[in-house]
Amino acid sequence: MMSGTKVAVPEAEEAPPAKKGGKKKLLLAVPVVLVAVGAGLWFSGVLPGLLGMKAKPATAASAPKKTGAPVYLDVPEIITNLNVPGRRQSYLKLHAKLELGGAEDVAPVTAAMPRILDLFQTYLRDMRPEELRGSEGSYRLREELIGRAAVAVAPAHIQNVLFEELIIQ
């Protein structure tokens with residue numbers, strides 16, 4: 001045992017002097033923060049409102065067209081043969097109505113009816129009877145006919161094709 005001997009305990013080492021780059025980093029961070037806050041205010045719509053750049057209300061020309069009650073227009077009856085391999089023929093008889101957005105669409109659709117019939121006839125002749133079976137087949141046929149009719153009568157709007165008679169023989 002050592003009594004009377006003093007053990008030298010090193011004192012806490014002095015910290016190295018602080019680097020002088022802190023002010024430069026702060027000067028670079030301030031503009032970045034200001035730009036981020038400004039972008040946030042701009043895209044949230046607060047800054048344009050403060051600067052008097054509010055969005056103008058929609059005018060009648062840019063507002064969507066209001067439509068009244070739907071109008072139904074008859075499509076002449078279509079009888080066509082289906083795409084069936086072999087000698088036996090299969091026929092389709094279709095009688096449908098077009099559901100239009102309003103009375104203003106009747107004239108353009110009536111004028112385009114020969115084109116609509118041609119598109120329908122061409123599509124139907126390429127179909128096979130098994131493609132028309134069940135509600136899924138009717139749904140696919142309806143969607144396809146709506147798309148073809150919409151192309152033929154653009155910019156008039158066809159909302160739906162309603163089947164009155166669909167017979168496959």
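Contact list please: Cβ distance under 8 Å, first residue in region 127-153 and touching a residue at least 40 places away in the same chain (Cβ under 8 Å), second residue among the hydroxyl-bearing types (S, T, Y), pairs at least six apart or on different chains.
P129/S90; L132/S138; L145/Y123
In region 69-120, which residue that is in contact with an Asp or Glu (Cβ under 6 Å, 6 or more places away or on another chain) and not in a strand (DSSP E or B) is nearest to A154 (Cα to Cα)?
Per the criteria, the residue is P70.
Taken together, the values in this text are just the output of simple stated rules run on the coordinates, not laboratory data. Just so you know, these numbers come straight off a predicted model, no measurement behind them. Note: ideal-geometry Cβ built from the backbone for every residue, glycine included; neighbour counts use all protein chains shown.
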